[in-house]
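Worksheet: the structure to be examined is printed underneath.
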Amino acid sequence: MTESRTTVVVVDDDASVRRGLERLLGCAGYNVESFASARDFLARGDYDRPGCLVLDVRMPGQSGLDLHRVLVESHHDIPVIFITGHGDIPMAVRAMKAGAVDFLPKPFDAQALLDAIERALVKDRQRRRVTDRSV
C-alpha cells in the first residue's frame, strides 16, 4: 500500500540500476526520485519527507554507508535499505546495527526489495505518528 506523497529515493551510481529501479518502483505505485551519488542526494536537502532510501553501498566519493552515517549523525531518521554487489557479512551486520531496514545483495529479487520498502515505509509512518503526537 503506497501513499501519494510517499517517495522512495534511490541513490546508486549505476544508471542502468537506477532506471530499472525507477521502472519497478513506479509500476508498484511509488513516487521515485533517483540520484547518481550521495553528494547529489545531499544537495537536494529536504531529508524529512515521508519515504525511505534505497542506497548502493559502493559508490565513488561518499559510499552509501557514509551517507547513512551522515544522516544518522544529523538526526535525519530516514529508513534505509542497502543494495550491493560487493557486500559481505561484516558489512551487512554493521549496516543493520546502524539501523538499516535491510541489506540486499545484487542481483536481488524484486519482491524482496518491494517487501523491504514496505517495511521501511511502515517504520517511517510509525515514527511520524509518534513524532506528531509528541509535538
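Computed quantities for the displayed model
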quantity	calculated
Complete set of residues in region 24-38 that are surrounded by fewer than 19 Cβ atoms within 10 Å (Cβ to Cβ) and not in a strand (DSSP E or B)	24, 26, 27, 28, 29, 36, 37
Count - residues of region 42-56 that are assigned to a loop (DSSP other than H, G, I, E, B) and either under 15 Å from residue 124 (Cβ atoms) or at pLDDT 95 or above (or both)	5
Residues (of a type in the set (A, V, I, L, M, F, W, C) and not in a helix (DSSP H, G or I)) located in region 98-135	98, 100, 101, 103, 104, 108, 135
Cross-chain or 6+ apart pairs with Cβ under 9 Å, region 86-107 first and farther than 10 Å from residue 57 by Cβ, then acidic (Asp, Glu)	96/102; 99/77; 102/115
Region 29-44 residues that are among the β-branched types (Val, Ile, Thr), paired with ones that are part of a strand (DSSP E or B) (beta carbon under 9 Å, 6 or more apart)	32/7; 32/8; 32/9; 32/10
Selection count, region 73-120, where residues are more than 13 Å from the chain's Cα centre (by Cα) and within 23 Å of residue 45 (Cβ to Cβ)	4
Members of region 39-98 that are basic (Lys, Arg) and either closer than 23 Å to residue 111 by Cα or surrounded by 22 or more Cβ atoms within 10 Å (Cβ to Cβ) (or both)	58
All positions within region 59-97 that are over 19 Å from residue 49 (Cβ atoms), assigned to a loop (DSSP other than H, G, I, E, B) and small (Gly, Ala, Ser)	61, 63, 85, 87
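The values are calculated or read from the model by the stated rules, or taken from the named source; none is laboratory data. Fair warning: this is a prediction, and the values are worked out from it, not measured in the lab. We place every Cβ from the backbone using ideal geometry, glycine too, and count neighbours over all the protein chains shown.
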